[in-house]
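Colleague: Here you go, one structure.
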Amino acid sequence: MRSALRLLAACAVSIAAILALHPVPAGAEGSSRMAPSFGVRTLDGKMFRMSENRGRPVVLDFWATWCKPCRASMPHLARIQERYGGDGLVVIGLSVDQEGPDAVRRFAERLQIRFRIAMADEKLLDQYGPIRQIPTTFFINRRGVVVRRTVGYLDAETLDAYVKELF
């Protein structure tokens, strides 16, 4: 019995590792879900409420200043905000940095990030989690449905293709 339980646990760990390396769209196999509602104060002092963005496609990116793939994604996220913002797209970066908003603000200013940034708290991480790796990016359509969740770096072409799916 113990060996069967060990085998089952090993299979579960293997499946989790495969899913982390090969993200599955959130809507696969009819399992799409509504994006959890939340509100955060952005680094520029404004409130961002998910509920107020219903009707607009949203890209939600959980990241950190110390994360190399996250930093590499920042220019791509800025470009899609610039390219599709006129069509209603909202990009928001949710930092998981422990150093606080001042350090994140300095980082964003240095990189000249032009999309909304806020700090993610434990409650928000739980609502969208489990988030075990960053960057973790959610693509949410105009109806508020999470249509894709990815883990890891997204190159510009892939990010653009995923955004186009939201329209």
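Colleague: Any chance region 136-151 includes a residue that's over 18 Å from A35 (Cα atoms) and at pLDDT 95 or above?
Modeller: No, the conditions are met nowhere in region 136-151.
Colleague: Can you pull out the residues in region 49-100 that are among the acidic types (D, E) and within 17 Å of Y128 (Cβ to Cβ)? Before you say what the answer is, go through the steps one by one.
Modeller: Taking region 49-100 as the starting set, the residues that turn out to be among the acidic types (D, E) are 52, 61, 82, 87, 97, 99.
Residues satisfying the conditions are D61, D97.
Colleague: Tell me yes or no: at least one residue of region 116-130 is hydroxyl-bearing (S, T, Y), under 14 Å from G93 (Cα atoms) and in a helix (DSSP H, G or I).
Modeller: Step one: filter region 116-130 for residues hydroxyl-bearing (S, T, Y), giving 128.
Subsequent filtering for residues that are under 14 Å from G93 (Cα atoms) retains 128.
Now restrict to residues that are in a helix (DSSP H, G or I): 128.
Yes - at least one qualifying residue is present in region 116-130.
Colleague: Just to check your reading of the model, which residue among S95, S51 is within 17 Å of the chain's Cα centre (by Cα), within 27 Å of G144 (Cα to Cα), at pLDDT below 95 and not basic (K, R)?
Modeller: Of the residues listed, the single one that is within 17 Å of the chain's Cα centre (by Cα), within 27 Å of G144 (Cα to Cα), at pLDDT below 95 and not basic (K, R) is S51.
Colleague: Could you pull out every one of the strands (runs of 3 or more DSSP E) wholly within region 29-113 that has 2 or more residues that are surrounded by 15 or more Cβ atoms within 10 Å (Cβ to Cβ)?
Modeller: Working: elements: 39-41, 47-49, 58-63, 90-95.
Here the list reads 58-63, 90-95.
Colleague: If you don't mind, another one. I'd like the residue in region 137-167 that is in a loop (DSSP other than H, G, I, E, B) and among the basic types (K, R) and, out of all such residues, is surrounded by the fewest Cβ atoms within 10 Å (Cβ to Cβ).
Modeller: Taking region 137-167 first, the residues in a loop (DSSP other than H, G, I, E, B) are 141-144, 152-155, 167.
Right, trim to among the basic types (K, R) and you get 142-143.
On the way: R142: 14, R143: 12.
Ranking the candidates gives R143 first.
Colleague: A follow-up question, please. Which number in (1) under 21 Å from V163 (Cβ atoms); (2) in contact with a strand residue (DSSP E or B) (Cβ under 8 Å, 6 or more places away or on another chain) marks the one condition that G100 misses?
Modeller: Going through the list (1) under 21 Å from V163 (Cβ atoms); (2) in contact with a strand residue (DSSP E or B) (Cβ under 8 Å, 6 or more places away or on another chain), G100 breaks only (1).
Colleague: Let me spell it out: the conditions are (1) farther than 19 Å from V96 by Cβ; (2) free of Cβ contacts under 8 Å to residues at least 12 places away in the same chain, and R79 meets all of them except one. Which number is the exception?
Modeller: Among (1) farther than 19 Å from V96 by Cβ; (2) free of Cβ contacts under 8 Å to residues at least 12 places away in the same chain, the lone unmet condition for R79 is (2).
The values are calculated or read from the model by the stated rules, or taken from the named source; none is laboratory data. These numbers were taken from a predicted model, which means no experiment stands behind them. FYI the Cβ positions are ideal-geometry reconstructions off the backbone, even for glycines, and counts take in every protein chain you see.
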